[in-house]
Structures are given as C-alpha cells and as structure tokens.
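Worksheet: one structure, shown below.
The values are calculated or read from the model by the stated rules, or taken from the named source; none is laboratory data. From a predicted model like this one, the values you see are computed outputs, not experimental measurements. Here the Cβ positions follow ideal geometry from the backbone for every residue, glycine too, while neighbour counts run over all protein chains shown. For the accessible areas, the whole protein counts, side chains as well, though only heavy atoms, and no ligand, DNA or RNA atoms are used. Shrake-Rupley method; radii C 1.70, N 1.55, O 1.52, S 1.80 Å.
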Amino acid sequence: VQLQASGGGLVQAGGSLRLSCAASGRISRYAVAWFRRAPGMDRQFVAAINRSGGKIYEEDSMKGRFTISRDSAANTVYLQIDNLRPEDTGVYYCAAGASVISSNVANQNAYSNWGQGTQVTVSS
C-alpha cells in the first residue's frame, strides 16, 4: 500500500490542524501510525490505530491534544492536532504495518510502508 500524507502547514500556537494519510490500497489491512521528526531530533512515535479502529495507542506526552482516527471507506487515517505548540513543529509521517501488535506499536521497524511526510510549523 502506498501512503500520502497531507494537511500540514504554518499555524499559530493554539491553532489546530488535521493531517490526512491517504492510501492507494486497502488500508483496512494495516495498523497505521503517525510519527513526528522535530528539527534536529529522531523520529518520534505520536499515535497509532489498529486495523479495525477499535484500539488506539498514544505517546503519553501527547495524550489530550492528538487524536488519531480512521475512515476505512475513504481509505484514510487522520491525525487531529489541537492547541498546537511551537514544539509540535516538525515533519509528520504516516506509516502502515501488517504485523503491528501492542508490544511493537511505537517501533518504527514494525511499519513497512511510509508516506513522504507533511511539514507542520507552529509559530509562537
């Protein structure tokens, strides 16, 4: 499955964005996650959602402002980000994996398909 991330942009602190991860194939076969690479930092897990959408995993430090969801009919996974902060600046990647389980959900190596990333810049 090929993934395309979109929805990033330049926003002021306190604003919101909804990122989209559109899939070329049946994304319902995969768990999907969002990762973020802040400037000068390693790529960091943000959130993931299982195949059915019934289970969500979130990075503890991001709970409350980041909401992941999926629309299988639209073959798309979303990441809603509210109350944006300057430290949320970075490139956001979506990734899909067919063998993701709870113990490896935050591990980048669990995901075989990656989108190109979308840039989010938050100004103070």
- Counted residues in region 37-54 being within 19 Å of GLN119 (Cβ to Cβ), without any contact (Cβ under 8 Å) to a residue 60 or more places away in the chain and either part of a strand (DSSP E or B) or of a type outside the set (A, V, I, L, M) (or both) come to 6
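From the residues in region 59-80 that are over 10 Å from the mean Cα position of the chain (by Cα) and assigned to a strand (DSSP E or B), which one is surrounded by the most Cβ atoms within 10 Å (Cβ to Cβ)?
We begin by selecting, within region 59-80, every residue over 10 Å from the mean Cα position of the chain (by Cα); these are 59-65, 70-76.
Now restrict to residues that are assigned to a strand (DSSP E or B): 70-71, 76.
Numbers: ARG70: 23, ASP71: 12, THR76: 19.
Filtering region 59-80 for residues that are over 10 Å from the mean Cα position of the chain (by Cα) and assigned to a strand (DSSP E or B), the one surrounded by the most Cβ atoms within 10 Å (Cβ to Cβ) comes out as ARG70.
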- Identity of the residue in region 24-38, modelled with pLDDT under 95 and not hydroxyl-bearing (Ser, Thr, Tyr), that ends up surrounded by the fewest Cβ atoms within 10 Å (Cβ to Cβ): ARG26
- Scanning region 39-50 for residues that are buried (at least 23 other Cβ atoms within 10 Å of the Cβ) and either at pLDDT below 95 or among the β-branched types (Val, Ile, Thr) (or both), which turns out farthest from SER102 (Cα to Cα)? VAL46
- Is it the case that GLY53 is open to solvent by 50 Å² or more (accessible area, probe 1.4 Å), at pLDDT below 95 and out of contact with any helix residue (DSSP H, G or I) (no Cβ under 6 Å at 6 or more places or on another chain)? no
- Subset of region 81-123 [touching an Asp or Glu at 6+ places or on another chain (Cβ under 9 Å) and open to solvent by less than 40 Å² (accessible area, probe 1.4 Å)]: ILE81, VAL120, VAL122
